[in-house]
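Structure, as structure tokens:
Coordinate-derived values only; no laboratory data. Note that the coordinates shown come from a computational prediction; the quantities given were computed from them, not determined experimentally. In this analysis, Cβ positions are derived from the backbone assuming ideal geometry, glycine residues included, and neighbour counts consider all displayed protein chains.
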Amino acid sequence: MNRSNFAHVRAVGSYAPPRRMSNDELALLVDTSDEWIFSHTGIRFRHIADDAVAASDLAVEAARIALDRAQMPADEVDLILLATSTPDHPGLPATACVVQDRLGANRTAAMDLVAACTGFVYGIETARAFIQSGSARTVLVIGAEVYSKIINWKDRNTCVLFGDGAGAALLCASGEDNPSRVVDSVLYSRGQGAPALGRPAGGSRTPATAADGSDLYLAMDGRRVYTFAIAAIIEAIESVLKRNDLTFDDIDYVVPHQANVRIIDAAAKRGGFDPAKFFTNIAEYANTSAASIPIALDEMVTRDLLKPGHRIITVGFGSGLTYGANLIIW
């Protein structure tokens, strides 16, 4: 077992459904407006999957793009980690296994990772641990969500916030001579806040057969989540900087979970961080949960914003309550 391995991001990819729903279209469904949504969230559009499209369909598209860019056959991937809170099936089988089969990754282990909007951050650290231990050399980390299937389109407090999409990152083993690597991560949870964001029914606590229909939709205590999220971003960034003897000036970009631009702006202000370093694309995609960070990374690569040697922090926060950050040298 080679414990001298480092994990680096070799390629990324993303996919969003072609249907693009504007705030004006949403205003035909609930009492809201483009002005209100944008001023309160920073969202202009969201992409919505067709009725027959599931999380695995989006995940496969994003994964194929990442693999093509890396020029790597799927059967060379050792492990697929799929972060999702909108799986194809409730609990089993794992959506990652559906993706594994459709990619033709015939020698690959696969498992779902459930940490909601922090899922991709958790997945990056899990991949790093597998690679650094020598248990895997290539890990495909995917965030894929179809929140359009679990939100109540009559609830304007939630339906305006979410969209569908998927993003993928291929992590590979490398040696000391490659400066690109996942340097460190901090992962946290605050289970006492679990009731603030989730689906009240559909699991073993309250089976779907015993539930009121509305309890099968996503429910959120918006104010509590807002307060938690601001503190979580600040703590995660400060923790990963302190652990690595860095200051915020040493960071080129922060790539936050795209939940709400007001959360991101408030965290930057209260944390004393330069807001210009926070990349956002929530205006186009809305909140795609575990997919938001890899979708953002892919856009940054496409726009040639990320350069070799850039230090970036990815920071996530969400249901659980979970939060955390990755420090990556690109």
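Under 14 Å Cα-Cα from K269, which aspartates and glutamates qualify once same-chain neighbours fewer than 8 residues away are excluded?
Excluding near neighbours in sequence, the set is E235, E238.
Under the rule of -39500 (n - 2.57) per DSSP H run of 4 or more residues, summed and divided by the residues of the chain, what mean residue ellipticity at 222 nm is obtained, to the nearest 500 deg cm²/dmol?
Taking each H run of at least 4 residues, the total per residue is -9500 deg cm²/dmol.
Grab the other residues whose beta carbon is less than 13 angstrom from that of A49, score K and R as +1, D and E as -1, and report the net.
Taking every other residue near A49 into account, the sum is -3.
How do R64, R19 line up, fewest other C-beta atoms within 10 Å first?
Neighbour counts put them in this order, fewest first: R19, R64.
Tell me, what is the Rg over Rh of the range 181-329, with Rh the Kirkwood radius over Cα pairs?
Rounded to two decimals, Rg over Rh is 1.02.
HN-Hα J couplings of the range 103-119 from phi, Karplus 6.51/-1.76/1.60, θ = phi - 60°, integer Hz, Gly and Pro as x?
Taking θ as phi minus 60°, the curve returns 6, x, 8, 6, 10, 10, 6, 8, 7, 7, 10, 10, 9, 6, 5, 8, x Hz for the range 103-119.
Any idea what the relative contact order of the chain is, in percent, if you count C-alpha pairs under 8 Å spaced at least 6 apart?
Reported relative contact order: 26 percent.
Taking amide hydrogens as modeled 1.01 Å from N in the peptide plane, which residues meet the under 5 Å criterion relative to A110, leaving out close sequence neighbours?
I80
Lys/Arg Cβ at +1, Asp/Glu Cβ at -1, dipole of the range 82-144 taken about the Cα centre: which of V99, I142, Q132 is farthest positive-ward?
Toward the positive end, the furthest listed residue is Q132.
Most exposed first by the Cβ proxy, i.e. fewest other Cβ within 10 Å, how do D51, D88 rank?
D51, D88
Using a 10 Å cut-off around each Cβ, can you sort Y226, Y147 from fewest to most neighbouring Cβ atoms?
Y226, Y147
Hey, can you grab everything whose amide H is under 5 Å from the amide H of G198? Only 5+ residues off in sequence or another chain; H modelled, so Pro and N-termini drop out.
Correct list: A219.
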